[in-house]
Amino acid sequence: MVEGLAVLAAIVFGYVQLKQFKQQRADNAAMELMRSLHDPEFIKAFQLISTSPKSKLESQTVEASLQDASFLICGRFEAIGQAAYRGSIPFHLIEELAGGGVVQLWQKIQPFIEGLREEQNYPQLFEWFQWLAEQLEGRGRTDEVPAFIREKQWRPTS
């Protein structure tokens, strides 16, 4: 009887520990994701691409500053997309923290990247960034009501 209770207690303890570990892992992933999206170099690239007319990224000769910003953004979201696919970062965190931005940036950068893919005969170039944007777009992220409206009645619990 005592042995059975000890085994049960060990199973419950293990379950609680595993649940805490998963939460800690998700919290750490969220913090790392936020850090990567709030680094000054990334913010500058985000601003440059998001405020540039799409036509500037559709031409054969894209300005060097736009190329640099595009590669920085693509590299960052390539890693995030791959991490999401592998389950290293919970998808809902990416969706909440960067969903609309990912879709918007991919739509702007897409012609430039597709041109490079064709020119270099390398269709996998930034494939995970495209995958991530398409997943987010397919979930209707850009059609959602913004949090500042949707959660207007929210109040902190403490």
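I need the calculated FRET efficiency for the pair LYS56 and THR157, taking r as the beta carbon distance and R₀ as 35 Å, to the nearest 0.05. Provide the component values of the computation, followed by the final result.
On the way: r = 47 Å, r/R0 = 1.33.
The value I calculate is 0.15.
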- When the Karplus curve 6.51 cos²θ - 1.76 cosθ + 1.60 is applied with θ = phi - 60°, which whole-Hz ³J(HN,Hα) does each residue of region 30-47 get, with x for Gly and Pro? 5, 5, 5, 4, 4, 4, 5, 8, 10, 6, x, 5, 5, 4, 5, 5, 4, 4
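So for each of 140-146, 77-83 I average, over its residues, the number of other beta carbons within 10 Å; can you give me the resulting order with the highest mean first? Kindly include the intermediate steps, with their values, before the conclusion.
On the way: 140-146: 11.4, 77-83: 20.9.
The packing order, highest mean first, is 77-83, 140-146.
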- Message: Could you work out the pair-distance distribution P(r) of the chain from its alpha-carbon pairs, with 10 angstrom bin width and percents rounded to whole numbers?
- Response: 9, 31, 29, 15, 9, 5, 2, 0
- Return the calculated 222 nm mean residue ellipticity for the chain, to the nearest 500 deg cm²/dmol, obtained by summing -39500 (n - 2.57) across DSSP H runs with n ≥ 4 and dividing by the residue count. -25500 deg cm²/dmol
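Given Cα pairs under 8 Å that are at least 6 residues apart, what percent is the relative contact order of the chain? Show your work: numbers first, answer last.
On the way: 102 pairs, mean separation 37.8, N = 158.
Worked out over the chain, it gives 24 percent.
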- Provide MET31, MET1 in ascending order of the number of other Cβ atoms located within 10 Å of each residue's Cβ, fewest first. MET1, MET31
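For ASN28 and GLN120, calculate 0.36 nm times their separation in residues minus their Cα-Cα distance, and state this gained length in nm to one decimal. Don't jump to the answer; show the numbers that get you there.
On the way: separation 92, 0.36 × 92 = 33.12 nm, distance 3.69 nm.
Working it through step by step, the gained length comes to 29.4 nm.
Please give the length that would be gained between GLU127 and ARG86 if that part of the chain were fully extended, namely 0.36 nm times their separation in residues minus their C-alpha to C-alpha distance (nm, one decimal). Present the calculation step by step, with values, prior to reporting the outcome.
Values: separation 41, 0.36 × 41 = 14.76 nm, distance 1.43 nm.
That pair, GLU127 and ARG86, stretches by 13.3 nm at full extension.
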- Mind jotting down the distance between the C-alpha centroids of region 53-81 and region 101-138, whole Å? 10 Å
- Query: Can you count the Lys pairs in the chain whose Cα atoms are under 23 Å apart, with each pair 8 or more apart or on different chains?
  - Reply: 5
- Message: Using a 10 Å cut-off around each Cβ, can you sort LYS152, LYS56 from fewest to most neighbouring Cβ atoms?
- Response: LYS152, LYS56
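Hey, fewest Cβ within 10 Å first, where do TRP154, TRP131, TRP106 land in order? Please list the in-between numbers first.
Details: TRP154 8, TRP131 17, TRP106 23.
Ranking TRP154, TRP131, TRP106 by Cβ neighbours within 10 Å, fewest first, gives TRP154, TRP131, TRP106.
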- Task: Putting +1 on Lys and Arg Cβ atoms and -1 on Asp and Glu Cβ atoms, find which of ALA69, ILE109, PRO90 reaches farthest to the positive end of the dipole of region 41-141.
- Result: PRO90
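No lab work stands behind these numbers, since they all come straight from the coordinates. Treat the numbers as computed from the prediction; the structure is a model and nothing was measured. Cβ: placed from backbone, ideal geometry, glycine included. Neighbour counts: every protein chain shown.
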